[in-house]
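Have a look at the structure below, then the notes.
The values are calculated or read from the model by the stated rules, or taken from the named source; none is laboratory data. Predicted, not measured: the structure shown is a model, and the values here were computed from it. Methodologically, a virtual Cβ is constructed for each residue, glycine included, from the backbone with ideal geometry; neighbour enumeration extends over all protein chains shown. Surface areas here come from the heavy atoms of the whole protein model, side chains and all, with no ligands, DNA or RNA. Shrake-Rupley method; radii C 1.70, N 1.55, O 1.52, S 1.80 Å.
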Amino acid sequence: MFRVGDPTVSAMVNRAAEAPSIRRTLRGLQQYRHLLRNLVLKDLKLKYRGSVVGFLWSLANPLLMAVVYTVVFTKILRAGSEGFVFYLMLGLLAWTFFANSAGMSTGSIADNGGLVKSVWFPRAILPTATVLFNLAQYTLTVLVFLPLMLLYYHVPPAAPMLLFPVFVGLQSLFTIGVALILATSTAFFRDVRHLVEVALAVLFWTTPILYQLDHLPARVRRLILMSPMSPYIGAYQDIFYYRQWPDAAIWLTAVGYAVVALVLGLWLIVRNEDSFAERI
Amino acid sequence: MSLALESRDLSKRFFLRHNPAAELKVRLLGLFDLSRRQRVEEFWALKSISLKIRQGESVGLIGRNGSGKSTFLKVVAGIHRPTTGELLVARGTRIGSMIELGTGFHPELTGQENVLLNASIHGLSRAESLDIYDQVVAYSGLQHFMDVPIKNYSSGMHVRLGFSIAATLDPDVLLLDEIFAVGDEDFQKQCVATIKSFEARGKTIVFVSHSPTAIQAICDRACLLDRGRLLYDGTVDGGLTEYRRLTAASPHEALGPVDAPATASPGGHARASGDADLAWHRLASGGRWSEEGAWVFDFLRRQGLRPEQHVLDLGCGSLSAASRLLPYMQPHHYWGYEKSIELYIAGSQIELPRAGVRAELGHFIVNDDFDLSDAAHPFDLAIASALFRRLALNSIARAMASVIRALAPDGRFYATWPENPDPADFGPMVRADGSTTYSDHEPFHYSFAMLAAIVEAVGGVAERLDERSHPRGETIMLITRRIGA
């Protein structure tokens, strides 16, 4: 149910002439924020409903990862210290947030045909909810793991760590932008799903997650720093592992990529909002 | 009462995509291979609908499947954007839609969770959702099931919960689509009672249904849509009568693609092969396939057709007349013209073999624009049976000009068409079979004067015959070349 125009002026509004615009979409998101919240809660509930230990399952996965990487890097490859596993985990957790969001967002409009074809609401809600659901999972995991890891690896607190929420925020905005782009394009080209799988694999290796930037030749390092996920993951490693303030390049790219992705995503979904019901 | 909704000349176009894979592959291959290119066909689901709905009215939209009534509802609901025209809505109106009851329900969530989620899908805030929750539960009578996942609900309970939400949302304009399809009698009575109370409170209701009982119980006005056009707007009884005529008059047309160009794959519409008359290509030409073919043959014989003459069958379709004319005429003296390649293929591969006739005995021209320049001889006789009913006047003019050019100096061209006796009257008019139509609505009804003027303009002379033998009751005219033209 939605209200047409401004109720205080009594006249007829021509709905056919209301052009879609970023402003209208943002206003819609604001009006439907309760739906956004409910969609995120629904996904969280559905994920853990029926399992006995519920949320603990989502901790098991990173825990297992940490154990495996510790064994591989310190016992088998003998390539790094235990402290390096801390470095790995910082990157992997943030990467999982991004990769899961991107993967799930492709279907967020295309797989919701029934809803999109029978009720009007701002379609941007669907991919946004997907990202926020993954953000919620990431936040919960981090809330449990980060203190544990700081203790386990004997990392003393440092002032730069206060920046963590800022970069999580920037990464979330960037991811929402990417999700809007992917959700819109999948509605028109189903191939996007498969492309995303390939692109994620490439992106994973061009992001400094399993390796450290200072081990790379200077030329390659600059390229890797330009990779879209590098500034965010680089920032987490800076503030927790190196315990230093992120440099200007990281700030610039982190903000820049978030703005570009968000503007592009909004522009794309607004342009196509009216044709989803016909195309899926 | 002031207006709640108004559509002015509102049309909605969809694109039907024929290469079903919505994939990049199709686009990439299409660059190199034309046959793989996605074929996009326009489909006008709504054609200039002008309708005013006042506040407090309950309007029933009726029509056959695919008539556009649900599309209209979806346009009003904001799900589809009109392609052309205007949709005026009173400022401040709250529009609630129940296009499908229970959409957005998630099977794993409980009744309670689904109600709250659904309320937010319909745009309610958290406080508003909690406010209506108790009412929804009371209305649905499902108090004991609210903590049960919806997957364990019966379909009746599912719909009951969905409708309860719609009823409780309390919008100013309520759009309902086929909500009586499921649910028991008690529930239906409850629905009707609720809708009545809506009406009593001055709410506007737009209601799509196939059920005459429901329409009669709820609506005080009915609008009949057919193939995207508004055919009737008036009383409920009047609307239902028209609707019954429409469905009774043309059971075949309800199945076959008549005004849509027959672009579907030849196998696509084939019905059970046992009943030849229900094959798609027979339906596409209107359903009186054998009757019409027999009539064309008999009629031409009565006009003096002899095997050694050259005859043109304009709009030969799936070759109902050809299957009789080909064996009669000398080889290569029959020429058929058809616009739709699918119909021609169905005719030459299904109908002619069935009749034991070889297509090679005749010539066939299949193109889009009545181009007959391939015809080797001038025609002594030409016929277009039940063709003009499907053509716009411009196309008729083109066809006339083309045939007249291809006629022998003393050649005769017979054409049949459903006649509109009064050139200034555009309907509504009652057909021979009792159904109602408009002269500018397909099948088009043209007056003789109009067609005669076209014939005159393209160098012919038209004469209206008195013979009434056409199986569809169409009038017959004779067109000859004007001496000196």
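Highest-first packing order for the peptide set B:134-146, B:305-317 is B:305-317, B:134-146, based on the mean count of other beta carbon atoms within 10 Å. Looking at the protein assembly as shown alone, DSSP beta bridges between its own residues are antiparallel in about 55 percent of cases.
If you sort the three axes of the alpha carbon gyration tensor as a ≥ b ≥ c, you get a/c of 1.5 or more for region B:284-335 and a/b above b/c, which makes it prolate.
A Förster radius of 51 Å, combined with the Cβ-Cβ distance separating B:SER395 from A:VAL144, puts the computed FRET efficiency at roughly 0.10.
Here B:ASP184 and B:GLU456 are evaluated by their C-beta separation; at R0 = 56 Å the FRET efficiency comes out at 0.30.
For region A:150-246, which whole percent of the accessible surface, found with a 1.4 angstrom probe, sits on carbon and sulfur atoms? Its accessible area is 72 percent carbon and sulfur atoms.
Whenever you get a sec, compute what percent of the accessible area on region B:96-224 sits on carbon and sulfur atoms (1.4 Å probe). For region B:96-224, the apolar C and S fraction of the accessible surface comes to 51 percent. Prolate is the label for chain B, because a/c, from the alpha-carbon gyration tensor with a ≥ b ≥ c as root eigenvalues, is 1.5 or above and a/b exceeds b/c.
Take the Cβ atoms of A:LEU77 and A:ALA159, set R0 to 41 Å, and the FRET efficiency comes out at 0.75.
Relative to the longest principal axis of the Cα atoms of chain B, helix B:126-140 runs at roughly 80 degrees.
In terms of the mean number of neighbouring beta-carbon atoms within 10 Å, the peptides B:40-48, A:46-54, A:17-25 order highest first as B:40-48, A:17-25, A:46-54. In chain B, the DSSP beta bridges split such that about 50 percent are antiparallel, to the nearest 5.
Annotation: Cα Rg of region A:47-170 relative to the compact-globule expectation 2.2 N^0.38 Å equals 1.31.
Against chain A, whose longest principal axis comes from its Cα atoms, helix A:22-31 is set at around 80 degrees. For region B:331-459, the share of accessible area belonging to carbon and sulfur comes to 54 percent (1.4 Å probe, ligands and nucleic acids excluded).
In degrees between 0 and 90, to the nearest 10, how far off the longest principal axis of chain B does helix B:393-406 point, with axes built from Cα atoms? Long axis of B:393-406 versus the principal axis of chain B: about 20 degrees. Sorting the segments B:389-395, A:262-268, B:353-359, A:225-231 by their mean number of nearby beta carbons within 10 angstrom, highest to lowest, gives A:225-231, A:262-268, B:389-395, B:353-359. The mean number of partner chain beta-carbon atoms within 10 angstrom of a residue's beta-carbon across peptide B:67-78 is 2.
Among beta bridges identified by DSSP and lying wholly in region B:341-485, the antiparallel ones come to about 65 percent.
Per residue of A:190-197, other chain Cβ atoms within 10 Å of the residue Cβ number 2 on average.
The Kirkwood radius of chain A, taken over pairs of alpha-carbon atoms, gives through the Stokes-Einstein law at 4 °C and 1.567 mPa s a diffusion coefficient of 63 µm² s⁻¹. Using only the Cα atoms of the protein assembly as shown, build the gyration tensor, take square roots of its eigenvalues as a ≥ b ≥ c, and label the shape rounded, prolate or oblate: rounded if a/c is under 1.5, else prolate if a/b is larger than b/c, else oblate. Prolate.
For region B:347-477, the relative contact order is 22 percent, taking Cα pairs closer than 8 Å that sit 6 or more residues apart in sequence and dividing their mean separation by the residue count. Rounded to the nearest 100, the interface formed by chains B and A buries 4200 square angstrom of accessible surface, both chains summed, with a 1.4 Å probe.
Looking only at region A:127-154, which residues have a backbone nitrogen under 16 Å from a spot 7 Å from the Cα of A:MET65 in the C-beta direction? Within reach of a label on A:MET65, which here means backbone N under 16 Å from a point 7 Å along Cα→Cβ, region A:127-154 contributes A:134-150. The modelled label-to-label distance for the pair A:ALA136/B:LYS151, using points 7 Å beyond Cα in the direction of Cβ, is 2.0 nm.
Counting pairs of alpha carbon atoms under 8 Å apart in space and at least six apart in sequence, what relative contact order in percent does chain B give? Before the final figure, lay out the partial values.
Working: 924 pairs, mean separation 53.7, N = 485.
Worked out over chain B, it gives 11 percent.
One chain, two ends: B:TYR328 and B:ALA127. Fully extended at 0.36 nm per residue, the span grows by 64.2 nm beyond their Cα-Cα distance.
Accessible area per residue for the protein assembly as shown, computed on protein heavy atoms with a 1.4 Å probe, is 44 Å². For peptide A:15-26, compute the average count of partner chain beta-carbon atoms within 10 Å of each residue's beta-carbon. Mean shielding by partner chains, rounded to a whole number: 3. Within the same chain, aspartates and glutamates fewer than 8 places from A:LYS42 are excluded, and of the rest, those with a Cα less than 12 Å from its Cα are B:GLU108, B:GLU113.
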